[in-house]
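Since the structure comes first, as structure tokens, the remarks are kept for the end.
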Amino acid sequence: MSTNYQRRTKDQLAARVAQDIFDGAVVNLGIGQPTLVANHLPAGREVILQSENGILGMGPAPAEGEEDFDLINAGKQPVTLLKGGAFFHHADSFAMMRGGHLDICVLGAFQVSATGDLANWSTGEPGAIPAVGGAMDLAIGARQTWVMMDLLTKQGASKLVQQCTYPLTGIGCVKRVYSDLATLECTPQGLKLIDTVDGLTHAELEKLVGLPIAAA
């Protein structure tokens, strides 16, 4: 099937998320695609990145050859530490997450419901390795939870659904979904469009998702 639109690359998607993070925000970037957001924060905008393994003031990925594997994020990727940054006990990190001290967390997901329920730690399939980590603490503890993901599975099914069929991470916690095709808001009334990639019409997006989407 021919299309008139181009999907966002992972870096373009990370830059789209970074664009919406406000100056002075304290942000946690989840394992996987969300870690790329650190490399695309606009110059001159102060964003304090927290990592659940005990870092505050995390910087972008180091240049090749300058990695320090004693300084890693929660996904075990080498990172940098900005001036004034700190590292500390895991328990202190979770106290920050659970205590409402994070303005935004950006997480990956298997499914997100139209009203903001999140499923991102297990597909529930036999033999699947559960990987909840700190996702439940982040999803409920952060003031805003954003999801960054491909809109469709490899089989072409929408990851945005009327009701999650996978085990839930949190209920009604997701405020925005940033995907390779569109940015949407989750509300108690359902999905609301923020933007789409060039060439993707509202009707085409609704057909891909299989749910009504309120206009921007």
For residue 161, residues with placed amide H under 5 Å, excluding near neighbours:
112, 113, 114
The range 49-163 accessible area per residue, 1.4 Å probe, protein heavy atoms, integer Å², reads 51 Å²
Rounded to the nearest 0.05, what FRET efficiency is calculated for residue 76 and residue 203 with R0 set to 35 Å and r the Cβ-Cβ distance?
0.25
May I ask which residue of 167, 203, 178 lies farthest towards the positive end of the charge dipole of the chain, with charges of +1 (Lys, Arg) and -1 (Asp, Glu) on Cβ and the Cα centre as origin?
203
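Keeping to pairs on different chains or 8 or more places apart, tell me how many lysine pairs in the chain have Cα atoms under 18 Å apart.
On the way: 10/154; 10/159; 154/207; 159/175; 159/192; 159/207; 175/192; 192/207.
Taking the chain as the scope, the lysine pair count is 8.
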Within 10 Å of each candidate Cβ there may be at most 12 other Cβ atoms; applying that plus a DSSP loop requirement, which trypsin sites (Lys or Arg not before Pro) in the range 78-186 survive?
154
Share of accessible surface on carbon and sulfur in the range 71-203, whole %, 1.4 Å probe and ligands ignored, is 55 percent
Using a simple charge model, +1 on the beta-carbon of Lys and Arg, -1 on the beta-carbon of Asp and Glu, nothing else, what dipole does the chain show about its Cα centre, in debye to the nearest 20?
480 debye
Local electrostatic count, residue 209, Cβ distance below 14 Å [Lys/Arg +1, Asp/Glu -1]:
-2
With θ taken as phi - 60° and the coefficients 6.51, -1.76 and 1.60, list the Karplus ³J(HN,Hα) couplings across the range 169-177 in order, rounded to whole Hz; mark glycine and proline as x.
8, x, 9, x, 9, 7, 9, 9, 10
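For the range 1-101, which chymotrypsin sites (Phe, Trp or Tyr not before Pro) are both in a DSSP coil and crowded by at most 15 other Cβ atoms within 10 Å?
Passing both the DSSP loop test and the Cβ count: 5, 22, 69, 88.
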Mind checking the range 11-108 for GluC sites (Glu not before Pro) that DSSP puts in a loop (not H, G, I, E or B) and that have at most 16 other Cβ atoms within 10 Å?
46, 64, 66, 67
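The values are calculated or read from the model by the stated rules, or taken from the named source; none is laboratory data. If you're wondering where the values come from, they're calculated on a predicted model, not measured in any experiment. Using ideal geometry, Cβ is built from the backbone for each residue, glycine included, and neighbour counts are taken over all protein chains shown. Accessible surface areas use protein heavy atoms only, side chains included; no ligands, DNA or RNA. Shrake-Rupley method; radii C 1.70, N 1.55, O 1.52, S 1.80 Å.
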